[in-house]
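The values are calculated or read from the model by the stated rules, or taken from the named source; none is laboratory data. Keep in mind it's a predicted model, so treat the numbers as computed, not measured. As a convention, Cβ positions derive from the backbone with ideal geometry for all residues, glycine included, and neighbour counts pool all protein chains shown. Note: accessible area is taken over every heavy atom of the protein model, side chains too, but ligands, DNA and RNA are not part of it. Shrake-Rupley method; radii C 1.70, N 1.55, O 1.52, S 1.80 Å.
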Amino acid sequence: MSAGHHHPIYRPADTPVHRLPPHCKLAAVVAFAVVVVATPRERFWAFAVDALLLAAVAVAARVPAGAIARRMVIEVPFVLFALAIPVIGTGERVQVLGLSLSEPGLWAAWNILAKASLGVVASILLASTTEPRMMLLGAERLRLPRLLVQIATFMLRYLDVVMDQMRRMRIARESRGFAARDLRQAPVLAKSAGALFIRSYERGERVHLAMLSRGYTGEMPTIRDITATGRDWATAAVLPCLAAVTALLAWSTT
């Protein structure tokens, strides 16, 4: 009744990036994102340097550009929102390809696209080189609240189970001739969603009782302790430090 874990984002390999402790990589990605956000939007070259830094990390981690591009589909809603800003924005208008666009809106769109894209690529590289369970251990080592880490751990563990339950319910509906063609089938889908919620809630109660019967006191036992040396931290700090130097140079030329 349980589904196996399958996380297609993670790409196993033996590279220096993969071998870094997860909390070092988490801290590096967060610091890199903060530096990118702080970079002045008018300095195009600074964002190009940040992109080259991420490309170097991707090469070192053996993550293909095609895999990164496919994962960046998640950014499509932000891209659509950014493209709409110059059209609906106010302020001075400029002509671009025959269209009258807002100049402040163009700057805002570029700011969103550049910084969001770099942050998304950094997150993709993190997910591609770090197993989800190790990422949660790294978050715990960074002193994130234990309760939040445990919730994320259980979500990761049982997401596949819930998805498999939903798949079996869909197959059961279709085997009885059901097809979601229009809004008339909405009540059936709503009942299925309610049944899935109740089953998931009941499963959570059973799992919690099973954990209590095995001595659970609010903290998960530490199965694998991960430590980071000074060299690990120094290696992970290369990316955000180079990005910070780029941002400082960009601000100094404003």
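Below, the figures for the structure above:
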item: Flag for Leu196 being at pLDDT 90 or above, in a helix (DSSP H, G or I), surrounded by 13 or more Cβ atoms within 10 Å (Cβ to Cβ) and within 32 Å of the chain's Cα centre (by Cα); result: yes
item: Hits in the stretch 227-241 (condition: assigned to a loop (DSSP other than H, G, I, E, B) and closer than 11 Å to Val29 by Cα); result: Ala237
item: Residues satisfying the stated conditions in the stretch 131-173, i.e. touching an Asp or Glu at 6+ places or on another chain (Cβ under 8 Å) and loosely packed, with under 15 Cβ neighbours inside 10 Å; result: Arg146
item: One residue from Arg176, Arg203 being out of contact with any helix residue (DSSP H, G or I) (no Cβ under 7 Å at 6 or more places or on another chain), in contact (Cβ under 8 Å) with a residue 24 or more places away in the chain and closer than 26 Å to Met163 by Cα; result: Arg203
item: Residue check for Ala27: part of a helix (DSSP H, G or I), surrounded by 13 or more Cβ atoms within 10 Å (Cβ to Cβ) and touching a Lys or Arg at 6+ places or on another chain (Cβ under 8 Å); result: no
item: Members of the stretch 174-188 found to be hydrophobic (A, V, I, L, M, F, W, C) and either open to solvent by 80 Å² or more (accessible area, probe 1.4 Å) or under 30 Å from Ala28 (Cα atoms) (or both), listed by number; result: Leu183
item: Residues satisfying the stated conditions in the stretch 95-111, i.e. open to solvent by 50 Å² or more (accessible area, probe 1.4 Å), of a type in the set (A, V, I, L, M, F, W, C) and either in a helix (DSSP H, G or I) or at positive phi (or both); result: Leu97, Leu106, Trp107, Trp110
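To keep it simple, each residue is scored yes or no on (1) modelled with pLDDT of 95 or more; (2) under 13 Å from Lys115 (Cβ atoms); (3) assigned to a helix (DSSP H, G or I).
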site: His7; (1), (2), (3): no, no, no
site: Asp14; (1), (2), (3): no, no, no
site: Phe32; (1), (2), (3): yes, yes, yes
site: Val36; (1), (2), (3): yes, yes, yes
site: Arg41; (1), (2), (3): no, yes, no
site: Phe47; (1), (2), (3): yes, yes, yes
site: Val57; (1), (2), (3): yes, no, yes
site: Ala69; (1), (2), (3): no, no, yes
site: Met72; (1), (2), (3): no, no, yes
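Residue-wise test of (1) at pLDDT 90 or above; (2) closer than 30 Å to Val57 by Cα; (3) of a type in the set (Ser, Thr, Tyr).
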{"site": "Met155", "(1), (2), (3)": "no, yes, no"}
{"site": "Ala179", "(1), (2), (3)": "no, no, no"}
{"site": "Arg206", "(1), (2), (3)": "yes, no, no"}
{"site": "Gly218", "(1), (2), (3)": "no, no, no"}
{"site": "Ala244", "(1), (2), (3)": "yes, yes, no"}
